[in-house]
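Contents: one structure, followed by commentary.
The values are calculated or read from the model by the stated rules, or taken from the named source; none is laboratory data. What you are looking at is a predicted structure, and each value in this text was computed from that prediction instead of being measured. Here the Cβ positions follow ideal geometry from the backbone for every residue, glycine too, while neighbour counts run over all protein chains shown.
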Ligand code: ADP
């Protein structure tokens, strides 16, 4: 034969952006007759093989007189497990009579080619998916790290190499302890269980929010994946906002004191009638509400920027008694019973900032009284849990709607229910409690059912780490 060609059907190629060759030729006339490829591909799909000792008769192919044409041609379909992969064909410049053994020989070759095409097809599908995933990972600006259950790094994209200095090319197969310096990132990666997040500051001062979770394949854990997001910009905005709020509230304090002073002095300089006295009371109460808000904002600002904790040896009992003492009047005015339960074997002391911890518990108990209708009950319980002490403030008040629950400790967040809105408030009390807990290395959480009541928890370590 002067030419042998193999043509793959475009339908069997995976959809991809990769350039894949589909036509192959051999022999001196391999390119000369290439224009017949598409016709042959269509023809043999339907009829398995084409044996044309004289290409012009019968007139199966549509022959263009302006193009070179072979004299004889034999084409066989590449087929495997009912899938049509393409065609293999040979051409002669001179007329050629195809014998049965010619046909058998080419059919055998085509069978082998079909097997090779089927294998390549399977492999390509997998390979294309892999390359696409790789291209996506390589171009994501967010660092991605994957480790196996033995804590060995199995994937790190270029962004991870830039940010965390881990390079799979250099470190593939090594344990992360050898490759990663940031302690927080190491802890997050090697922690077990569900999704966890942490803010991590890298060299150069950029802050990333890292989220790690287990990779589960067919019900079995096969490692952990960690994605990092640059949140530096949001951190900067947040601190600008806090700074702004702190400056404004600070500047509001003196005029408020002045207003309160003059409003109370009004009745000293002359007799006021009842209506005037009523107005003065309204002014004073308005100014007091505003002062409370300003003080809350200032406190929050101070706690957030981390003015050093004044650590002391504090007893839980002392804190609770003081809080209860300060709020007893408020509770009895609403006919709310306030009771205290202390676990018997509490540690003698906890290490904490007395004033801050007092304020945290105070805010929780004040809320419990505030959001519990007349005749309700508020219980404060203190117990230990591992190396922590937990203050629990439970009420049988209005409760919190499930949609509000995740936002409770955000700044300025107030419950959406009508009976919660009926109370005055700024939405800062719980944000302060959270900041206080976090400053001590502790945490806060809430359990609640709408209409039944709520339980707020403030947990703080019994002792603080030595610095
Ligand atoms: P404020 O009480 O000034 O609105 P907080 O931050 O103290 O601000 O509380 C935020 C919101 O949480 C409140 O507006 C209220 O909806 C809800 N909340 C707080 N404590 C309780 C509670 N014990 N029971 C029901 N809702 C509560």
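Among the listed residues 292, 322, 260, 281, identify the single one that is part of a helix (DSSP H, G or I) and touching a residue at least 60 places away in the same chain (Cβ under 8 Å).
Details: 322 fails: touching a residue at least 60 places away in the same chain (Cβ under 8 Å); 260 fails: touching a residue at least 60 places away in the same chain (Cβ under 8 Å); 281 fails: touching a residue at least 60 places away in the same chain (Cβ under 8 Å).
That would be 292, the only listed residue that is part of a helix (DSSP H, G or I) and touching a residue at least 60 places away in the same chain (Cβ under 8 Å).
Of the residues that sit in the range 300-319 and are in a helix (DSSP H, G or I) and touching a helix residue (DSSP H, G or I) at 6+ places or on another chain (Cβ under 6 Å), which one is modelled with the highest pLDDT? Talk me through it step by step, then tell me what you get.
First, pick out the residues of the range 300-319 that are in a helix (DSSP H, G or I): 300-305, 316-319.
With the extra rule that they be touching a helix residue (DSSP H, G or I) at 6+ places or on another chain (Cβ under 6 Å), the set shrinks to 300-301, 303-304, 319.
Details: 300: 80, 301: 78, 303: 79, 304: 75, 319: 93.
Checking each candidate, the answer is 319.
Looking only at residues in the range 383-393 that are surrounded by fewer than 20 Cβ atoms within 10 Å (Cβ to Cβ) and modelled with pLDDT of 95 or more, the one that is nearest to residue 450 (Cα to Cα) is 392. Consider the range 186-207 and keep the residues that are within 19 Å of residue 238 (Cα to Cα) and in contact with a helix residue (DSSP H, G or I) (Cβ under 7 Å, 6 or more places away or on another chain). The one that is modelled with the highest pLDDT is 207.
Note on the range 406-441: residues that are within 15 Å of residue 298 (Cα to Cα), near the ligand (Cβ under 8 Å from one of its atoms) and at pLDDT 90 or above total 5.
Can you find a residue that is in a helix (DSSP H, G or I), in contact with a strand residue (DSSP E or B) (Cβ under 9 Å, 6 or more places away or on another chain) and within 27 Å of residue 187 (Cα to Cα) anywhere in the range 119-137? Yes, some residue in the range 119-137 is in a helix (DSSP H, G or I), in contact with a strand residue (DSSP E or B) (Cβ under 9 Å, 6 or more places away or on another chain) and within 27 Å of residue 187 (Cα to Cα). For the range 375-397, state whether one or more residues are out of contact with any strand residue (DSSP E or B) (no Cβ under 8 Å at 6 or more places or on another chain), touching a residue at least 12 places away in the same chain (Cβ under 8 Å) and either under 26 Å from residue 297 (Cα atoms) or assigned to a strand (DSSP E or B) (or both). No, the conditions are met nowhere in the range 375-397. Considering only residues in the range 395-405 that are in contact with a helix residue (DSSP H, G or I) (Cβ under 9 Å, 6 or more places away or on another chain) and closer than 22 Å to residue 438 by Cβ, the one that is nearest to the ligand (Cβ to nearest atom) turns out to be 400.
With the structure loaded, tell me whether residue 197 is without any contact (Cβ under 8 Å) to a residue 40 or more places away in the chain, closer than 30 Å to residue 71 by Cβ and surrounded by fewer than 16 Cβ atoms within 10 Å (Cβ to Cβ) or whether it fails that test. Break it down stepwise before answering.
Details: without any contact (Cβ under 8 Å) to a residue 40 or more places away in the chain: yes; closer than 30 Å to residue 71 by Cβ: no; surrounded by fewer than 16 Cβ atoms within 10 Å (Cβ to Cβ): yes.
Against the criterion (without any contact (Cβ under 8 Å) to a residue 40 or more places away in the chain, closer than 30 Å to residue 71 by Cβ and surrounded by fewer than 16 Cβ atoms within 10 Å (Cβ to Cβ)), residue 197 does not qualify.
May I ask you to verify whether residue 357 is more than 8 Å from the ligand (Cβ to nearest atom) and either within 24 Å of residue 328 (Cβ to Cβ) or assigned to a loop (DSSP other than H, G, I, E, B) (or both)? Quick ask: steps written out before the conclusion?
Details: more than 8 Å from the ligand (Cβ to nearest atom): yes; either within 24 Å of residue 328 (Cβ to Cβ) or assigned to a loop (DSSP other than H, G, I, E, B) (or both): yes.
Yes, satisfied.
Among the residues that make up the range 445-463, is at least one of them within 15 Å of residue 300 (Cβ to Cβ), more than 7 Å from the ligand (Cβ to nearest atom), at pLDDT 95 or above and assigned to a strand (DSSP E or B)?
Initial filter on the range 445-463 (within 15 Å of residue 300 (Cβ to Cβ)): none.
No, the range 445-463 contains no residue that is within 15 Å of residue 300 (Cβ to Cβ), more than 7 Å from the ligand (Cβ to nearest atom), at pLDDT 95 or above and assigned to a strand (DSSP E or B).
Looking at the structure I just gave you, is residue 281 at pLDDT 90 or above, loosely packed, with under 15 Cβ neighbours inside 10 Å and under 20 Å from residue 395 (Cα atoms)? In short, no.
Is one or more of the residues making up the range 165-173 touching a residue at least 40 places away in the same chain (Cβ under 8 Å), exposed (fewer than 14 other Cβ atoms within 10 Å of the Cβ) and either touching a strand residue (DSSP E or B) at 6+ places or on another chain (Cβ under 6 Å) or not in a helix (DSSP H, G or I) (or both)? No; the residues of the range 165-173 include none that is touching a residue at least 40 places away in the same chain (Cβ under 8 Å), exposed (fewer than 14 other Cβ atoms within 10 Å of the Cβ) and either touching a strand residue (DSSP E or B) at 6+ places or on another chain (Cβ under 6 Å) or not in a helix (DSSP H, G or I) (or both). Scanning the range 408-433 for residues that are farther than 21 Å from residue 294 by Cα and surrounded by 16 or more Cβ atoms within 10 Å (Cβ to Cβ) gives 417, 420. Residues in the range 363-370 include at least one that is farther than 17 Å from residue 444 by Cβ, in a helix (DSSP H, G or I), within 16 Å of the ligand (Cβ to nearest atom) and touching a strand residue (DSSP E or B) at 6+ places or on another chain (Cβ under 7 Å). Do we have residue 466 as farther than 18 Å from residue 356 by Cα and either modelled with pLDDT of 95 or more or more than 16 Å from the ligand (Cβ to nearest atom) (or both) here? Yes; evaluated as a whole, the condition is true for this residue.
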